[in-house]
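Report on one structure; see the data block that follows.
Where a number appears in this text, it was derived from the coordinates with a stated rule and is not lab data. The structure presented is a predicted model; accordingly, all values stated were derived computationally and were not measured. As a convention, Cβ positions derive from the backbone with ideal geometry for all residues, glycine included, and neighbour counts pool all protein chains shown.
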Amino acid sequence: MNSHPGAFDIPRRLSLSAQAAAAIRKAVGENAWRDFLPSERRLCEMFQVSRPTIRTALQLLAKEGLIEIRHGRRNRLLPSAPHPAASPSRLVVLVSHQPLSHTSLTAYQGISEMRAHLAGHGFTTEILLCPAGSAAAQRRKLDSFMRQNHVFCCVLLSVSRELQQWFSTHAIPALVLGSCHPEVKLPSLDVDYRSVCRHAVGVLRGRGHRRIAFLVPHSGVAGDLASEEGFREGLATPSGVDGLDCPIVRHNGSTAQLAAKLDALFASPEAPTALLIAKPQPTFSVIVHLLRRGLRVPDTVSLIARDHDHLFENAISHYRFEGETFAHRLSRLMLQMVSQGHLPPEPSLIFPRYVSGGTVRRIGS
C-alpha cells in the first residue's frame, strides 16, 4: 500500500459559482426552461446567490457550449443543450398573489414540507408572484411564464377567481391551496369553512343566541364565500330561516373600517349578542374595540373565531387542527400528482375541532 500523499486525490473545494453552474446545468437537463434562461436577477433569487456569482456561472456554461450569452437580452439555450422532449419537466411552480412570508404559519410549514418532499423526488420548486389587481395583467404574466418555462404542475395559493379559471381552461395540472369557486373544476385542499361556520352558528344558537353577526373580509376568496354559505345554512330550519336577525358584515380588514362597522352594529336596537369572526387579526381588533365601547366578552357579547391563532389557546373559542395534518395531506396530494400526472378535480377538506374557550356564554332561560 502506497502511503505517499501524492498517491491520493486531493479534495477540491467547489466555488460558489461552480455550484451555481451545476445547479443551472441540472435544471436545463430537466427542461426547466424553454429556449432561454431566466434573467440574471431571477436566477439570483432562485439560487440565492449574488449577481457576480451568477455571471461567473453563466460564463462557465457558455464555455461549455450550453448557452449563448447575449448582453442586454436573455441568454439563449444552444441547440446542443438537451431538447425539451428528451426528458419530462421536473419544475413545480407555486403561484401566489403575495410572498410566502405573508401566509399563515400553518400554510407556510405545510408548503415547506411539501417542497422538501418534492426535492427528495427530484423536483425543483419556483415561486411566481401574481400581485392582486388587474386580472388581465395576471393572465399576461402567467401566459409569458408558461411560454418561457417547461412546467410540470402548479400549486395555487389563494389566488383570484380569474386565475383559477385560467388554470381550469389550460392543460397544466394544478392544485388549489384553498377553496375553488363553484364554476372552477380543479383539485383543492382547504379547511371545510362551510361546515365550520354552520357548526359555529349551531353552537351559538344552542346557547340561546338569536342575534348573531358574521364579520368576514370582503375578499372574494372562495373560502370566505363558502363561510358565508355555511353561516346562512346554520340559520335555516326545515321551514326556512326562522326570523333571526343575523347579518353578514363584510369589511376590508382595516382597523378603521372594522370600528365603523361595529359602531353601526351596536348602535342598532337589535344589537347582536354574539359574533362569528373570520381571520385572527380582525378577531383581536374586534375585542379591543368592544372593550373601548364598554362591551365585555363574553358578559355582553359572545364570540367565536373561525380560524386558529396560537395566541387564542383556550381563552378564545375557535376552530383548530394540527399543522401536521395539513402538511401531511398537502405532501400526499402533491406526491400523488407527480406520480400520476394529475389529480381528480375534487376538494380535499379538513374539518378542524372546536375549541371551547371562555368567550361564549349562555343567555336566556
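So how long is each side of the chain along the principal axes, counting just the alpha-carbon atoms, biggest first, in Å?
Dimensions of the chain along the principal axes of its Cα atoms: 92, 52, 38 Å.
For the chain, what's the relative contact order in percent, using C-alpha pairs closer than 8 Å and at least 6 residues apart?
With pairs under 8 Å counted, the relative contact order is 15 percent.
Out of S317, S112, S96, any idea which swings most in a Gaussian network model of the chain, alpha carbons joined below 10 Å?
Comparing S317, S112, S96 in a Gaussian network model of the chain, the most mobile one is S112.
Which FRET efficiency value, to the nearest 0.05, do you get for A135 and D263 by plugging their Cβ-Cβ distance into 1/(1 + (r/R0)^6) with R0 = 30 Å?
0.30
What FRET efficiency comes out for the pair L244/R292, r = Cβ-Cβ distance, R0 = 41 Å, nearest 0.05?
0.90
Identify which of R55, R250, R70 has the largest mean-square fluctuation in a Gaussian network model of the chain, with springs joining Cα atoms closer than 10 Å.
The residue that fluctuates most here is R70.
Sort 266-276, 173-183 by packing, meaning the average of other beta carbons within 10 Å per residue, with the highest value first.
On the way: 266-276: 17.4, 173-183: 20.7.
The peptides rank, most packed first, as 173-183, 266-276.
Round to the nearest 0.05 the FRET efficiency obtained for R361 and A116 when R0 = 56 Å and r is the Cβ-Cβ distance.
It comes to 0.80.
Would you work out which of S254, H318, S339 lies farthest towards the positive end of the dipole of the chain, given +1 charges on the beta-carbon of Lys and Arg and -1 on that of Asp and Glu, about the Cα centre?
Checking the options against the dipole of the chain, the answer is S254.
Label-point separation (nm) for A171 and A62, each offset 7 Å from Cα along Cα-to-Cβ?
3.7
Using the alpha-carbon atoms, what tilt in degrees (0 to 90, nearest 10) does helix 280-292 show relative to the longest principal axis of the chain?
40
If you take the square roots of the eigenvalues of the alpha-carbon gyration tensor of segment 15-77 and sort them as a ≥ b ≥ c, do you get rounded (a/c under 1.5), prolate (a/b over b/c) or oblate?
rounded
Can you grab the distance from the C-alpha centre of segment 178-221 to the C-alpha centre of segment 125-170, Å, no decimals?
26
Sort 150-156, 28-34 for me by packing, meaning the mean count of neighbouring Cβ atoms within 10 Å per residue, highest on top.
Those peptides, ordered most packed to least, come out 150-156, 28-34.
Among L100, L333, L311, what is the fewest-to-most ranking by other Cβ atoms within 10 Å?
With the fewest neighbours first, L100, L333, L311 line up as L311, L100, L333.
Do you know the relative contact order of segment 92-144, to the nearest whole percent, from alpha carbon pairs under 8 angstrom that are 6+ apart?
49
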